[in-house]
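This report concerns only the one structure given below.
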Amino acid sequence: MNAQQPLTYDAFVELAAADPTVVGLVLKGSRAHEGMTTEHSDHDLYVVLADGATTALARFTGHRTPELDLVILSLDEFRAAGMPGFERYALARARIVLDRLDGGIAQILAGKARLDADEAFRKAGEWLDAYANSVYRSVKNDRDGHALAARLDAADSIRFLLELLFTVDRRPRPYDKYLQWELARFPLPGWDTGMLLDTADRISGMGDVSTQRRLFAQVEAVARRAGHSAVLDAWGEDLDLMRPQ
């Protein structure tokens, strides 16, 4: 392809499908999320090669245009991609274009969509502590007349809260762009999606203390059922400031 004939997604998929060293093609991003595509959406494609294979497609390594971004890597590298990391959610909800491993590519993606139980429990405890810390700081700053600080801490608390709730469900947290998309299709168990999103919006935008306290009470109950009482109890009497008055 030349500058007058840029490489298109369809043209590359045709090339890759004809190359026996390619064992998988995986599309991620907005093109893999039904209803999220816009006129600005490109195609983000993982090209998975058999381990040790050489191919003429290597010349496209690092290819990046408004139409097509390519990541070319070996099967072993693909197994490790996004585990853990910011790519994990993208791969968890990616769409398989080609799987020459009799479902092996699908199995790898399914593994990225589900956190290990021990990892999830450990990380949930950390996110819970971070969430409580931000709520505590926000409520205390509001009490002491530091309005901007209170709102900023409140906004931080929502980030930690979402990490916590998805981790408790052993799922990678979606990017903010896909949060509503994800919850509409895969709700968090025990949570009303509309209420959760409305509450997150209200807290992020206004830092409303009474709303934060009501939400904290719900989160505390969920966290204790999930076995994280020790994290909460370590806050001692400070919990009283975070709970509904």
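Out of all the residues in region 85-109, which are modelled with pLDDT of 95 or more and surrounded by fewer than 19 Cβ atoms within 10 Å (Cβ to Cβ)?
95, 96, 98, 99, 100, 101, 102, 103, 104, 106, 107
Note down all Cβ pairs under 8 Å where the first residue falls in region 11-27 and is open to solvent by less than 10 Å² (accessible area, probe 1.4 Å), the second is among the basic types (Lys, Arg), and they're at least six residues apart or on different chains.
22/100; 24/100; 26/95; 27/95
Among the residues of region 100-110, how many are of a type outside the set (S, T, N, Q) and without any contact (Cβ under 8 Å) to a residue 12 or more places away in the chain?
The qualifying residues number 4.
Can you confirm whether region 46-61 contains a residue that is open to solvent by 30 Å² or more (accessible area, probe 1.4 Å), touching a helix residue (DSSP H, G or I) at 6+ places or on another chain (Cβ under 6 Å) and closer than 24 Å to residue 184 by Cα?
There is no residue in region 46-61 that is open to solvent by 30 Å² or more (accessible area, probe 1.4 Å), touching a helix residue (DSSP H, G or I) at 6+ places or on another chain (Cβ under 6 Å) and closer than 24 Å to residue 184 by Cα.
Kindly indicate whether residue 34 is open to solvent by 40 Å² or more (accessible area, probe 1.4 Å), under 22 Å from residue 178 (Cα atoms), modelled with pLDDT under 95 and in contact with a Lys or Arg (Cβ under 9 Å, 6 or more places away or on another chain).
It is true that residue 34 is open to solvent by 40 Å² or more (accessible area, probe 1.4 Å), under 22 Å from residue 178 (Cα atoms), modelled with pLDDT under 95 and in contact with a Lys or Arg (Cβ under 9 Å, 6 or more places away or on another chain).
If you go through region 181-205 one residue at a time, how many are surrounded by 14 or more Cβ atoms within 10 Å (Cβ to Cβ) and either in a helix (DSSP H, G or I) or touching a residue at least 60 places away in the same chain (Cβ under 8 Å) (or both)?
So the count comes out to 11.
State whether the residues of region 73-81 include one that is part of a strand (DSSP E or B), touching a strand residue (DSSP E or B) at 6+ places or on another chain (Cβ under 7 Å) and at negative phi.
yes
Mind counting the residues in region 70-84 that are open to solvent by less than 50 Å² (accessible area, probe 1.4 Å) and either polar (S, T, N, Q) or over 20 Å from the mean Cα position of the chain (by Cα) (or both)?
Here the count works out to 5.
Check residue 224 against each of (1) open to solvent by 50 Å² or more (accessible area, probe 1.4 Å); (2) touching a residue at least 24 places away in the same chain (Cβ under 8 Å); (3) more than 19 Å from residue 140 (Cα to Cα) and name the one condition it does not meet.
Going through (1) open to solvent by 50 Å² or more (accessible area, probe 1.4 Å); (2) touching a residue at least 24 places away in the same chain (Cβ under 8 Å); (3) more than 19 Å from residue 140 (Cα to Cα) one by one, residue 224 breaks only (2).
The values are calculated or read from the model by the stated rules, or taken from the named source; none is laboratory data. These numbers were taken from a predicted model, which means no experiment stands behind them. As a convention, Cβ positions derive from the backbone with ideal geometry for all residues, glycine included, and neighbour counts pool all protein chains shown. Side chains included, ligands, DNA and RNA excluded: accessible areas come from the protein's heavy atoms. Shrake-Rupley method; radii C 1.70, N 1.55, O 1.52, S 1.80 Å.
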